[in-house]
Amino acid sequence: MDKSNLIKTFSDCLASGSVADAMSYIRNLSVIYLLPSDMQKISRLIDRYRDVLSSFSSNKSLKIAVLGGFTTSVIVNAIKTHLLAEGWVVESYESEYDLYKIEVLDASSGLYAFQPEVVLFATGTVNIEEFPLAGSTAGQVTAMAETLVEQFRDLWEIVKEKTGATIIQHNFEYPVEQLLSRLEFKYSWSHSKYVETLNNILWQMDSREMYLLDIFGSSVRCGLTRWLDSRWWYFGKFGINPELSWEYGRMFAGLHCAIAGKSKKCLVVDLDNTLWGGIVGDDGIEGIQIGNISATGEAYSGFCRYIKELRKRGIILAVCSKNDSEQAKEVFLKHSEMPLKLDDFACFCCNWQSKSENIASIAEHLNIGMDSLVFVDDNPVECAEVSRTLPEVAVIEMDGDPAYFIEKLEKLHLFNQLEITREDLGRTDSYLQRGKVESLRKSALNLEGFLESLCMAGRVDVATENDLPRICQMFNKTNQFNLTGRKYDTSNLSEYILNTSKFCLCSKLCDKFADYGLVSAITGEISEDILRIDNWIMSCRVFSRTFEQFIFNHLVNYASEMNCSTICGEFIRTVRNNYVADLFKKLGFRMIDSNDSERWYLAVESFESLKTYVKVFQGAVKK
């Protein structure tokens, strides 16, 4: 179905109230290139059927204000289109052209009447009013850049104070004009080098004071003179070429998903004509196209190397293919020019079952949600079957020239991360080791013997600033072991570390197979003699190990050291946290009330240490 028919069908589904079907179509639309006019139609449909879309159980309403230094209508349409595909029904507010400062400074402006949840500062190099003088020293250039960034920071702080909104800020693209010609990047005072200095300062604030939308990177990838088409600037004061608004929308959606903890975690790949050219069952291991055998073979090798790099930065890889398993594995074991190896994949599903069944098995094995998966396949029939059966899975049809496979995946910004932590870098290895743990569990005579045989060791520490990126990442991604569903950003978590009446404890675990790193965190407050748990999260990779008992034993000791006689906690049920519905009861708490949320209490003095198979491997918790 072409995009015109997809849009019409999307519209028809909304008109008839078939929201589930409409959401399936918008997901399909969001991964193919859309013209500005296409997204304008979709944006108008979102406005018309906002109540219908918002009533759908898995959708959330979101108010976004766009404060532009240039005309922003086309990027607003793109944002609304792509965020709907991710489950957000956007209501938008736009400032008038280049009045973003006045909107912020005027307490009676429409911005504050709107009360946004997200504020986007859509500015660019066209809004830089002054550049360094020729001959300025590097120090003078840096000071000038810091002054400009400080002006933006003042605006962010005003908006946060009055609305509590999340701030997203554009960084700056290179100016189109390179006035120094070949010397443009030699002198720190050139316009281009000044932009680099500005961006370096902004990156240091990313994920702390605001979130940076990488306009610089996108303009480089798309081509600067295409990104900043002068014709569009003079025609309508468009700071971004409207023809590239689809790319912009994908980039914005990728960042917002990362902020909300909804970035994709796992790439599931087909094999034949996806990782190599040809069909290994027919052509044999020597007959497939990969490596230096041809230009096509080199393109497939390039795609495999790219996937391997994704694995290195923490993306889980899995195979889902209709193939003979042993024949398929031979490619990874014996083909000298295959960059990927079997142990690069956390799951290898190669059989003749439907691909949707195998993908469901992969999600279950990895203990992650369907909405964490991306599936790539060259076969449109297989893609359609997965899309229809598992609508939460992002499905990408890898048709055409394999030379463009990387670009096709990159443009979608599906695997955005706010930070890359040590735990990310070892994620696939830990999932592989988890398979060994599962094999050991099945062979054990009893649960106690199995847990004892793991030789687990853990520690609980007061979190430091160095732990913030990983803890923030966990709070935004963890759904199953999450007592309240509350999310925290870096500034929120800093309060728990710096404020003496609050605390944040982090826990690490290893066993004889792997070091899992930081896999749990508890935030809370201490008031007089009561320690209150605000939230507690733990990675699904270490479930059913008695690690929560280990952590809680330490928490009780910590409460005692803080002269607290009572520990209280709250459980707020969400769609996905049923795993911890009875956690407080298991730990010995007593429930006091259960209206909108359950409140639980435990007397420290009467607590008896819980049995755990995790040993302490270093020190005790200290404040």
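The values are calculated or read from the model by the stated rules, or taken from the named source; none is laboratory data. No experiment lies behind these values; they were computed from the predicted model shown. A quick note on method: Cβ atoms are made from the backbone with ideal geometry, for glycine too, and the neighbour counts reach across all protein chains shown. For accessibility, only protein heavy atoms count, side chains too; no ligands or nucleic acids. Shrake-Rupley method; radii C 1.70, N 1.55, O 1.52, S 1.80 Å.
Key figures
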quantity: Selection within segment 447-478 - acidic (Asp, Glu) and open to solvent by 40 Å² or more (accessible area, probe 1.4 Å); calculated: 448, 452, 465
quantity: Those residues of segment 39-54 which are open to solvent by 10 Å² or more (accessible area, probe 1.4 Å) and either assigned by TED's automatic domain parsing to the domain that holds residue 248 or within 23 Å of residue 97 (Cα to Cα) (or both), in sequence order; calculated: 40, 41, 44, 47
quantity: Given (1) open to solvent by 10 Å² or more (accessible area, probe 1.4 Å); (2) out of contact with any Ser or Thr (no Cβ under 9 Å at 6 or more places or on another chain); (3) of a type outside the set (D, E, K, R), number of the condition residue 280 does not satisfy; calculated: (1)
quantity: Scope segment 107-133; condition part of a loop (DSSP other than H, G, I, E, B) and either over 12 Å from residue 193 (Cα atoms) or under 29 Å from the mean Cα position of the chain (by Cα) (or both); matching residues; calculated: 107, 108, 109, 115, 116, 117, 123, 124, 128, 129, 130, 133
quantity: Complete set of residues in segment 180-199 that are within 27 Å of the chain's Cα centre (by Cα) and without any contact (Cβ under 8 Å) to a residue 24 or more places away in the chain; calculated: 196
quantity: Residue within segment 108-128 that is of a type in the set (A, V, I, L, M), open to solvent by 30 Å² or more (accessible area, probe 1.4 Å) and closer than 24 Å to residue 54 by Cβ present; calculated: yes
quantity: Segment 145-164 residues that are open to solvent by less than 60 Å² (accessible area, probe 1.4 Å), paired with ones that are hydroxyl-bearing (Ser, Thr, Tyr) (beta carbon under 6 Å, 6 or more apart); calculated: 145/197
quantity: Single residue of segment 206-261 satisfying the filter (within 18 Å of residue 177 (Cβ to Cβ) and of a type in the set (D, E, K, R)) that is least open to solvent (accessible area, probe 1.4 Å); calculated: 229
quantity: Single residue of 244, 275, 224 found to be in contact with a strand residue (DSSP E or B) (Cβ under 9 Å, 6 or more places away or on another chain), aliphatic (A, V, I, L, M) and touching a residue at least 12 places away in the same chain (Cβ under 8 Å); calculated: 275
quantity: Residues of segment 1-54 satisfying the condition of being hydroxyl-bearing (Ser, Thr, Tyr) and over 27 Å from the mean Cα position of the chain (by Cα); calculated: 4, 9, 11, 16, 18, 37, 49
quantity: Any chance residue 139 is touching a Phe, Trp or Tyr at 6+ places or on another chain (Cβ under 7 Å), open to solvent by less than 70 Å² (accessible area, probe 1.4 Å) and modelled with pLDDT of 95 or more; calculated: no
quantity: Residue in segment 261-280 that is more than 30 Å from residue 214 (Cβ to Cβ) and part of a helix (DSSP H, G or I) present; calculated: yes
quantity: Considering residues of segment 170-204 that are in contact with a Leu (Cβ under 6 Å, 6 or more places away or on another chain) and open to solvent by less than 10 Å² (accessible area, probe 1.4 Å) only, the residue farthest from residue 105 (Cα to Cα); calculated: 190
quantity: Leading residue by the ranking (surrounded by the fewest Cβ atoms within 10 Å (Cβ to Cβ)) among those in segment 407-423 that are in a loop (DSSP other than H, G, I, E, B) and among the hydrophobic types (A, V, I, L, M, F, W, C); calculated: 420
quantity: Filter result for residue 83 (of a type in the set (A, V, I, L, M, F, W, C), over 16 Å from residue 254 (Cβ atoms) and assigned by TED's automatic domain parsing to the domain that holds residue 155); calculated: no
quantity: Verdict on residue 461 being among the charged types (D, E, K, R) and part of a helix (DSSP H, G or I); calculated: no
quantity: Check on residue 193, out of contact with any strand residue (DSSP E or B) (no Cβ under 8 Å at 6 or more places or on another chain), farther than 30 Å from residue 324 by Cβ, outside the structural domain of residue 305 (by TED's automatic domain parsing) and not small (Gly, Ala, Ser); calculated: yes
quantity: Residue 594 vs. criteria over 28 Å from the mean Cα position of the chain (by Cα), modelled with pLDDT of 95 or more, among the polar types (S, T, N, Q) and open to solvent by 40 Å² or more (accessible area, probe 1.4 Å); calculated: no
quantity: Those helices (runs of 4 or more DSSP H) lying entirely in segment 11-63 with at least 2 residues over 22 Å from residue 260 (Cβ atoms), out of contact with any Asp or Glu (no Cβ under 6 Å at 6 or more places or on another chain) and of a type in the set (Lys, Arg); calculated: 36-48
quantity: Segment 393-406, residues that are more than 30 Å from residue 469 (Cα to Cα), in a loop (DSSP other than H, G, I, E, B) and open to solvent by less than 20 Å² (accessible area, probe 1.4 Å); calculated: 398
quantity: Flag if residue 291 is open to solvent by less than 40 Å² (accessible area, probe 1.4 Å), over 19 Å from residue 382 (Cβ atoms) and not β-branched (Val, Ile, Thr); calculated: yes
